[in-house]
Protein chains: 4
Amino acid sequence: MKKSVPSMVKDPQLVKKRREQMIKGAVRLFTEKGFHRTTTREIAKESGFSIGTLYEYIGSKEDILYLVCDAIYDEVSDRLTQQLHTNSKGIERLKLAIAAYFQVVNDMQDEVLVMYQEAKSLPKEALPYVLQKELEMTEMIEKVIRDCVAEGVFQLSEPEIKLTAHNILVQGHMWTFRRWSIQKLFTLEEYTTLQIEQVLASIRSS
Amino acid sequence: MKKSVPSMVKDPQLVKKRREQMIKGAVRLFTEKGFHRTTTREIAKESGFSIGTLYEYIGSKEDILYLVCDAIYDEVSDRLTQQLHTNSKGIERLKLAIAAYFQVVNDMQDEVLVMYQEAKSLPKEALPYVLQKELEMTEMIEKVIRDCVAEGVFQLSEPEIKLTAHNILVQGHMWTFRRWSIQKLFTLEEYTTLQIEQVLASIRSS
Amino acid sequence: MKKSVPSMVKDPQLVKKRREQMIKGAVRLFTEKGFHRTTTREIAKESGFSIGTLYEYIGSKEDILYLVCDAIYDEVSDRLTQQLHTNSKGIERLKLAIAAYFQVVNDMQDEVLVMYQEAKSLPKEALPYVLQKELEMTEMIEKVIRDCVAEGVFQLSEPEIKLTAHNILVQGHMWTFRRWSIQKLFTLEEYTTLQIEQVLASIRSS
Amino acid sequence: MKKSVPSMVKDPQLVKKRREQMIKGAVRLFTEKGFHRTTTREIAKESGFSIGTLYEYIGSKEDILYLVCDAIYDEVSDRLTQQLHTNSKGIERLKLAIAAYFQVVNDMQDEVLVMYQEAKSLPKEALPYVLQKELEMTEMIEKVIRDCVAEGVFQLSEPEIKLTAHNILVQGHMWTFRRWSIQKLFTLEEYTTLQIEQVLASIRSS
DNA sequence: CATGAATGAGTTTTCATTCAT
DNA sequence: TATGAATGAAAACTCATTCAT
């Protein structure tokens, strides 16, 4: 499923290290000027190596974007998964999951923003992979909700579960997309509390 | 507030006509390949005139994007305003407003998608204007909610009003952004009904 | 059969003129440094216009090589055809043809050298066209020989006709390829006389 | 006369072995894609060692081409020399020499093709050496002819001897250069027979 | 006003060569 | 000796913008 990005360098450790440098540098620049306005030379410089070296670790500029998106998905996924493995039940578990997810999104604001704004510039072959990742994220949230339904905490039809999951996910993105407005109105805690209330209210009364 | 786009041509009627051609052509192309991958030459051709003529009506490529976004905002605004002027009261008015907004977003999917995906490429000076427009949109929705509160239909604090407005707005965008998933799960009518239910549930119980 | 080279410019007169400039400039540079060591910028400069303009008239660097080869074939062909239309019969006609061909090759030494040395760098799709052209050239010579045979001037089998044609053609190229040696030993006239003698001797005695 | 190619490695045996590997690999690649389209990395890989090692045995990419051409000349020379040392006299010796030479060229088609197509890319300093080699080859053929003249087998002036030698040499190359046509018309035996007949005919009647 | 040829700065990418290990 | 990661100059090609007609 993962698109493999070609590298001329054989040592996998080194590849990993260099690509991490690259991703870090690229996110900084993409955040500032977007993917298209950032040149490969700038990325190389920001990453701390030469343009020649950059191309030892990727095949094309688009690969960098893919690497960036992939890394962000992984981190968001990981942190969310980690959170979901903690012991908690019922409503509480859903609340914690939402809070955790919002927390992750808040911690990775720049990254999340970059990912959603530039995803359309990804190489065509990477699109299915990205949609797959989005689906997985949605399913993680769905599962938490579905577990609640299974436990009898509340009643929701399958479509309602899916929609709720989408809503929660998008409310996370919203915290970054509309930060110019939302983050002036609320702290993350307030935002989290209010959105959780909304979700639960709509769930309970359905 | 509106950024003025320079034109060499004096006749305002002609300017208007040409720019409309331009916007139509540009939206088609941006939808397909995005702003950065579309060349000015292509836009000129798609609009039905030469590259030289194109530059008689704009100052730079970014101006086209601005013109496009501006036109889309205007149309969405207009159609929403129009809807809000119809006679209806209380909850019903809110429901109608949401449904109307979702309908507009659905009708203008390509445009809305383009606008949100490319807005970051807008010339720096245009940013405040865009945020202003977003704010106006939000305020239109807020007003409908606030009217309900004023009529005593339900109780909501100011921050809650604002958050609800944002949520509704973003649920509209979501219909386009996540169409690869959402539009497979629901028809527009189903989506509208479910989201309205959610919003109302969360409002009533608060 | 001819590969069409793309141009952004519409006026065919202008295209013709610019491409002629290009070909002239390119031959000068290819002669000096070969196709691969010549940059597109150099070709543009030598042709008297900018790199941007160059690419208004071709699609890729290889197209220039194709244009060059095509032009050379055309000129050699034309001049040979012209010669063959003059009134003469029998052996005399063959002699004149050979002499004419050697004369053309001598006049276009640089061009002929470039063509044969760089032909392998031609875009893959152009190869059949080039072979076709080579075949046509061979057939022109073959025809003169075959006419002699038909007139009963001498006897040659079909394969012998073909081989003789190839030999004559290659003796022409040889005048340029091995000029560092051959042109020190003979004037063009001497070379022509001697080679004609050889060919005729071998023919008569066969 | 031989251009010396610099090596960091002292052991001459090793240098010889490594360079042989290199030449073999390079010929394979040059045959396929030409000198300019072949990278040093590819040559190293095809030769069975690393790019670093490659540069222990040469000073620059051009040196490889020189090594290749030099090796080819040596092999052609050797095999021809060997043939000429067999006992035979008069016309027969000339016939055998031509046949032997054509045989060598046929056996080494790829190499011969590479050599003549890429020779122009040789480092400037190598040019005199190459011309020298070509001259030697010509002289070998010349000598055989001159011996016949000395033996009174036939009469030829010095310039005629030289021209005939060039012709024979070039007929050898022609077997590779124009193989797309010639090798469809004749087997090597037929080609050899016919060309020998031609040469002898032209010689006898002069 | 309309046209489209001309421009050249800027972009991605390649690859011969070096040098620390 | 052998390795291969690092380098950066140089190459092909693009495209927003201008301006003479």
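Select from the range C:62-74 the residues that are charged (D, E, K, R) and more than 14 Å from chain D (Cβ to nearest Cβ) and write down the one among them that is farthest from DNA strand F (Cβ to nearest atom).
C:D74
Tell me whether the range B:141-155 contains one or more residues that are out of contact with any His (no Cβ under 9 Å at 6 or more places or on another chain), at the interface with another protein chain (Cβ under 7 Å from one of its Cβ atoms) and assigned to a helix (DSSP H, G or I).
no
Looking at the structure I just gave you, is D:E56 within 11 Å of DNA strand E (Cβ to nearest atom), among the charged types (D, E, K, R) and in contact (Cβ under 8 Å) with a residue 60 or more places away in the chain?
no
Say whether the condition of being more than 12 Å from DNA strand F (Cβ to nearest atom), over 22 Å from B:L194 (Cβ atoms) and touching a Leu at 6+ places or on another chain (Cβ under 8 Å) is met by at least one residue in the range B:91-106.
For the range B:91-106, residues more than 12 Å from DNA strand F (Cβ to nearest atom), over 22 Å from B:L194 (Cβ atoms) and touching a Leu at 6+ places or on another chain (Cβ under 8 Å): absent.
Take residues that are within 24 Å of the chain's Cα centre (by Cα) and tell me which of the helices (runs of 4 or more DSSP H) falling wholly in the range D:1-91 contain 3 or more.
By residue number, D:12-37, D:40-47, D:61-84.
Please count how many residues of the range A:26-61 are within 14 Å of chain B (Cβ to nearest Cβ) and more than 14 Å from A:L113 (Cβ to Cβ).
The qualifying residues number 5.
Which of the residues belonging to the range C:148-175 are surrounded by 16 or more Cβ atoms within 10 Å (Cβ to Cβ) and over 21 Å from the mean Cα position of the chain (by Cα)?
Within the range C:148-175, C:C148, C:V149, C:V153, C:F154, C:L156, C:E160 meet the criteria.
Given D:T138, D:T176, which one is among the β-branched types (V, I, T) and within 23 Å of D:K24 (Cα to Cα)?
D:T176
Of the conditions (1) free of Cβ contacts under 8 Å to residues at least 40 places away in the same chain; (2) of a type in the set (A, V, I, L, M, F, W, C); (3) more than 8 Å from chain B (Cβ to nearest Cβ), A:A201 satisfies every one except a single condition; which number is it?
(3)
Just to be sure before I move on: is D:T192 closer than 18 Å to D:I141 by Cβ, of a type in the set (V, I, T), modelled with pLDDT of 95 or more and in contact with a Phe, Trp or Tyr (Cβ under 6 Å, 6 or more places away or on another chain) in the structure I sent?
yes
For the range B:157-168, check the following and say yes or no: at least one residue is touching a residue at least 12 places away in the same chain (Cβ under 8 Å), within 12 Å of another protein chain (Cβ to nearest Cβ) and over 23 Å from A:F177 (Cα atoms).
Within the range B:157-168, not a single residue is touching a residue at least 12 places away in the same chain (Cβ under 8 Å), within 12 Å of another protein chain (Cβ to nearest Cβ) and over 23 Å from A:F177 (Cα atoms).
Restricting attention to the range A:36-46, and to residues there that are within 12 Å of DNA strand F (Cβ to nearest atom) and within 26 Å of A:L127 (Cα to Cα), which single residue is surrounded by the fewest Cβ atoms within 10 Å (Cβ to Cβ)?
Filtering the range A:36-46 for residues that are within 12 Å of DNA strand F (Cβ to nearest atom) and within 26 Å of A:L127 (Cα to Cα), the one surrounded by the fewest Cβ atoms within 10 Å (Cβ to Cβ) comes out as A:R41.
For the range A:176-195, what are the residues that are buried (at least 20 other Cβ atoms within 10 Å of the Cβ) and more than 10 Å from chain B (Cβ to nearest Cβ)?
A:T176, A:T192, listed by residue number.
The values are calculated or read from the model by the stated rules, or taken from the named source; none is laboratory data. These figures come from a predicted structure and were not determined experimentally. A quick note on method: Cβ atoms are made from the backbone with ideal geometry, for glycine too, and the neighbour counts reach across all protein chains shown.
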